[in-house]
Amino acid sequence: LRAILKNNPIPAAYRINYVANFYVGPLIREIERAFKLSRPEWIVLFCLTQQPRLNAMQISIVTGRPKTSIAAAVKQLQKKRLIARKTDQVDGRRRVLHLTPAGEETYKSIIGSFIAREADMLASLSQADRRTLIRVFDKIIENSRSWAKPY
C-alpha cells in the first residue's frame with residue numbers, strides 16, 4: 001500500500017477510493033448474503049429513507065450511479081415488495097417511489113452495520129478531525145457540479 005500511495009499521480013482520489021472500497025465492500029457482501037439485496041438495491045432503500053418521493057432518475061443523479069442499474073434495482077425492489085411506485089400527492093403527473101413497511105424494516109435491519117463500520121473507520125480521528133473531514137467532503141461536494149455528471 002505504501003508503494004502505491006507514494007508518488008501517486010492521483011493522491012486524493014486514490015485515498016478516497018481506498019477508504020470507500022474497504023468501508024462498503026464487506027457490508028455489501030453481507031447484505032447480498034443475508035438480505036439478497038444488491039448494492040444498487042441498497043442505495044435505493046437508503047435514498048428513499050433519507051428523501052421520500054424520489055424517482056429512479058433522481059436517485060441516479062444524487063448517487064452518481066448508472067441510470068440502468070438504479071432502474072433495475074427499482075424493478076427488483078418492487079418485485080420484493082420493499083418499495084412501491086405511487087402517484088405523487090403534490091404533483092399528480094409524477095410517479096414516485098416509497099418504502100413499504102417491509103422496506104422500512106429491511107433498512108432498519110441493515111443500517112446499524114453501516115453505522116458501526118463508520119465508527120470503526122473513524123476511530124482514530126478526534127471529534128475535531130471528524131468535523132474537519134466532513135467539512136472537506138462538503139467542499140468537494142459543493143463543487144461537484146463542475147465534475148460529477150451522471151453516467
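The values are calculated or read from the model by the stated rules, or taken from the named source; none is laboratory data. Small disclaimer: the values here were computed from a predicted structure and weren't measured. Methodologically, a virtual Cβ is constructed for each residue, glycine included, from the backbone with ideal geometry; neighbour enumeration extends over all protein chains shown. When the accessible area is computed, the model is the full protein with side chains, heavy atoms only, and any ligands, DNA or RNA have been set aside. Shrake-Rupley method; radii C 1.70, N 1.55, O 1.52, S 1.80 Å.
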>> Could you sort ASP91, ASP138, ASP120 by their accessible area in this structure, using a 1.4 Å probe and putting the largest first?
In response: ASP120, ASP138, ASP91
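What length, rounded to one decimal in nm, is gained on full extension from SER146 through to ASP88, with 0.36 nm per residue of separation minus their alpha-carbon distance?
17.8 nm
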> What is the local net charge at LYS149, summed over the other residues whose Cβ is closer than 14 Å to its Cβ (Lys, Arg +1; Asp, Glu -1)?
Replying inline: +3
> Taking a probe of 1.4 angstrom, what is the accessible area of MET121 in Å², to the nearest 10?
Replying inline: 80 Å²
> How far is the Cα center of the stretch 78-151 from the Cα center of the stretch 25-77, in Å?
Replying inline: 9 Å
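Show me 23-31, 139-147, 71-79, 41-49 ranked by packing, highest mean number of other Cβ atoms within 10 Å first. The partial results should precede the final answer.
Numbers: 23-31: 14.7, 139-147: 9.2, 71-79: 17.3, 41-49: 21.8.
Ranked by mean Cβ neighbours within 10 Å, highest first: 41-49, 71-79, 23-31, 139-147.
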>> Using only the alpha-carbon atoms of the stretch 58-115 as identical scatterers, what base-10 log of I(q)/I(0) does the Debye formula give at q = 0.13, 0.23, 0.24, 0.25 Å⁻¹?
In response: -0.40, -1.08, -1.12, -1.14
> With no solvent and one point on each alpha carbon, what is the Debye value of log10 I(q)/I(0) for the stretch 15-151 at q = 0.09, 0.17, 0.19 Å⁻¹?
Replying inline: -0.31, -1.06, -1.24
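Counting pairs of Cα atoms in the stretch 1-70, how many percent are more than 21 Å apart? Write down the numbers at each step before the final one.
On the way: 1025 of 2415 pairs.
Cα-Cα pairs in the stretch 1-70 separated by more than 21 Å: 42 percent.
What number comes out for accessible area per residue over the chain if the probe is 1.4 Å? Units Å², please.
Numbers: 10510 Å² over 151 residues.
I get 70 Å² per residue for this part.
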>> With n ≥ 4 as the cut-off for DSSP H runs, can you work out [θ] at 222 nm for the chain, using -39500 (n - 2.57) per run divided by the number of residues, rounded to the nearest 500?
In response: -21000 deg cm²/dmol
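Got a number for carbon plus sulfur as a percent of the chain's accessible area, 1.4 Å probe?
Working: 6030 of 10510 Å².
Carbon with sulfur: 57 percent of the solvent-accessible area.
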>> I want to check a number: in the chain, how many lysine pairs have alpha carbons closer than 22 Å, given a sequence separation of 8 or more or different chains?
In response: 15
> What translational D, rounded to a whole number of µm²/s, comes out for the stretch 1-42 from Stokes-Einstein when the hydrodynamic radius is the Kirkwood one over Cα pairs, at 37 °C and 0.692 mPa s?
Replying inline: 278 µm²/s
